[in-house]
Amino acid sequence: MRKILIVSGELSGDWLASGLMKEFKKLRPDADFYAMGGENLKSEGAEIIADINELAVMGFTEVILKISVIKKILKRILVWIKLNKPDLIILVDFPTFNFKIAKYAYQLGIPVVYYVPPKLWASRYKRIYFIKKYIRFVIVIFPFEVKIYKDEGVKAYYSGNPIKYRLDELQKTININKIDINTNSKNKNFKNKYPIISFLPGSRKSELKYHTPRIIKSAELILFNYPSALFIFPFRKGIDSSILEKALYKSKLPEESYSISNYFEDSLLQSDIIIVASGTASLEAAMFKKPVIIVYYLNYLTYLIAKLIVKVKDIGLINIIAGTRIVPELVESQFTAENVYKETAKYLKNDEYRKMVISKIEETISVLDSIKNPFKETAEIINKNIFRI
C-alpha cells in the first residue's frame, strides 16, 4: 500500500485537501491517506496525525504566543515522516509551517507537491528559491500564477479554481424560493426584511475577537438608519462562533434583527450585501455576484510587520485579481462602524454604482471559470507526474 501524507493548516486548506483526497482515492485505491487536517479530511477517511484546531493562529504575534504548540505539532509530523516514510507528501497552503515539512522530506528523498503554494505576488517573493529547490511542482488556483512560477523555472500547473467550481455546482441545485437561513431568530418571516446583510467575520478565534465588536457596532448603526434590516452571520461547520454569539447577546441589537445561520451559501444568495473579512472568504463572497465590502483588523504589531512585507496595495483577492480596487476595503483604522455604514448606504442608495460594482465582479471572476472538476484535475496531475500512471 502506498502512503500519502497531506498537510493543511486551516479550515480552507482542510476543505481543499479533502476535495483533492476524494478524487485521489478514485485514482489510487491502493493508497492509505494520512493528514494534518480537520473534519473534512477526517470525513474522507484520512488518518489524522495532527488536528488543525491546535493551530488556530492568525498573524505574526499570534504565532509567537503559540510557538511551543506549533513546535510540538511539527515535531510530531516530522517523527511520523521518519518512521513511516510516505511515498508522497502533498502540502496545501500554510507555507511557513509546510516549508519545514518540505525541507525534511527532501532530505529523506520523499517527493513533495504543493497545492495552493504561497502567493509570491503578494509578499516574500524570495520564497521562490526555496520552492525551486525542495518542491517537485506546484498546482495553483489562479491562472496568472502559472507564469510567475514558470518564469522562475518552477514546474507549475493550473487545475481550475475550486471555489468557483464548488459554487457553480452548488447553485445548480439551490432553489432560491426554498432557502432557509434561520437557525436562532424568533422572527420566522424574512420577506419584509430589507436590506439583508451577511457578515462573515472570519474563521479564526483571533479574527472573531478583533472583528466582532466592530461588526456589532456597524450593525447597530445600519439598523438605526434601516430599521427593517436583517443581519445574518453564516458559519461553516467546524467554526466556533461562541465569541460572536456571546457578544450579540450583550449587544443592543434586538434578537429579531439577526440570525446566526448554518446555511452558508443559502444565506449569501439571499443577501443584498456581503460584508466579509479579507481572505479566501472574500473571493468566495464576490463569486455570489453581490455587492461586497471587505474588512479586516489585526493586532497592531502584526499589522506593522505585514505592512513591511506585503507588496500589494489591496488585500482583497477579488481586487488583486482585478488589478484594481473594485470593491471597498476597510482595513485597520478604516474599519469603523461609520465607514461600514457609509459603504453600505452607497450600495443601497446608488443603483448605478451597485450595478457597476457587480458588473466588475462578474468580469473579474469570469477568468476563473473551470469546466472540469479542479480536484479531479489536480489528482490526475499529481498521479501522472509522481506515480507515472
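How about segment 41-58: which of its residues are without any contact (Cβ under 8 Å) to a residue 60 or more places away in the chain and buried (at least 18 other Cβ atoms within 10 Å of the Cβ)?
The answer is Leu41, Glu44, Ala46, Ile49, Ala50, Ile52, Leu55.
Taking the stated definitions as given, is Ala219 in contact with a Pro (Cβ under 6 Å, 6 or more places away or on another chain), free of Cβ contacts under 8 Å to residues at least 60 places away in the same chain and not assigned by TED's automatic domain parsing to the domain that holds Asn53? Let's see the steps before the verdict.
Working: in contact with a Pro (Cβ under 6 Å, 6 or more places away or on another chain): no; free of Cβ contacts under 8 Å to residues at least 60 places away in the same chain: yes; not assigned by TED's automatic domain parsing to the domain that holds Asn53: yes.
Judged against the criteria, Ala219 is not a match.
May I ask you to say which residue of Leu304, Leu298 is at pLDDT below 75, over 22 Å from Tyr165 (Cα atoms) and in a helix (DSSP H, G or I)?
Working: Leu298 fails: in a helix (DSSP H, G or I).
Result: Leu304 is the single residue among Leu304, Leu298 that is at pLDDT below 75, over 22 Å from Tyr165 (Cα atoms) and in a helix (DSSP H, G or I).
Would you pick out the residues in segment 222-278 that are of a type in the set (Phe, Trp, Tyr) and more than 20 Å from Asn339 (Cα to Cα)? Don't jump to the end; show me each part of the working.
First pass over segment 222-278, keeping only residues of a type in the set (Phe, Trp, Tyr): 224, 226, 231, 233, 235, 249, 258, 263-264.
Within segment 222-278, Phe235, Tyr249, Tyr258, Tyr263, Phe264 qualify.
Within segment 326-380, which residues are touching a strand residue (DSSP E or B) at 6+ places or on another chain (Cβ under 7 Å), buried (at least 18 other Cβ atoms within 10 Å of the Cβ) and not in a helix (DSSP H, G or I)?
Val327, Pro328, Glu329, Leu330, Phe335
Yes or no: segment 113-125 includes at least one residue that is over 22 Å from the mean Cα position of the chain (by Cα) and not small (Gly, Ala, Ser).
No, that holds for no residue.
Those residues that are modelled with pLDDT of 85 or more and within 27 Å of Trp15 (Cα to Cα), I need them from segment 188-208; list them, please.
Going through segment 188-208, the residues modelled with pLDDT of 85 or more turn out to be 193-202, 207-208.
The answer is Ile197, Ser198, Phe199, Leu200, Pro201, Gly202, Glu207, Leu208.
When segment 63-114 is examined, which residues are found to be charged (D, E, K, R) and crowded, with 18+ Cβ neighbours inside 10 Å?
Step one: list which residues in segment 63-114 are charged (D, E, K, R), which gives 66, 71-72, 75-76, 82, 85, 87, 93, 100, 103.
Answer for segment 63-114, where residues must be charged (D, E, K, R) and crowded, with 18+ Cβ neighbours inside 10 Å: just Asp93.
Output the residue which, of all residues in segment 325-369 that are under 22 Å from the mean Cα position of the chain (by Cα) and acidic (Asp, Glu), is farthest from Tyr226 (Cα to Cα).
Going through the qualifying residues, I end up with Asp369.
I'd like the residue in segment 135-145 that is touching a Phe, Trp or Tyr at 6+ places or on another chain (Cβ under 8 Å) and over 19 Å from Tyr165 (Cα atoms) and, out of all such residues, is surrounded by the fewest Cβ atoms within 10 Å (Cβ to Cβ).
Within segment 135-145, the match that is surrounded by the fewest Cβ atoms within 10 Å (Cβ to Cβ) is Phe137.
Given the residues Asp32, Asp51, Asp14, Asp93, which is the only one that is at pLDDT 90 or above, more than 30 Å from Lys209 (Cβ to Cβ) and acidic (Asp, Glu)?
Working: Asp51 fails: more than 30 Å from Lys209 (Cβ to Cβ); Asp14 fails: more than 30 Å from Lys209 (Cβ to Cβ); Asp93 fails: more than 30 Å from Lys209 (Cβ to Cβ).
The conditions single out Asp32.
Could you check segment 222-240 and list, in sequence order, the residues that are without any contact (Cβ under 8 Å) to a residue 60 or more places away in the chain, farther than 30 Å from Leu41 by Cβ and surrounded by fewer than 17 Cβ atoms within 10 Å (Cβ to Cβ)? Walk me through it before giving the result.
Taking segment 222-240 as the starting set, the residues that turn out to be without any contact (Cβ under 8 Å) to a residue 60 or more places away in the chain are 223-224, 227-235, 240.
After this cut, where a residue has to be farther than 30 Å from Leu41 by Cβ as well, the list is 223-224, 227-231.
Matches in segment 222-240: Phe224, Pro227, Ser228.
The values are calculated or read from the model by the stated rules, or taken from the named source; none is laboratory data. Note that the coordinates shown come from a computational prediction; the quantities given were computed from them, not determined experimentally. Cβ coordinates were reconstructed from backbone atoms using ideal geometry, including for glycine residues, and neighbour counts include every protein chain displayed.
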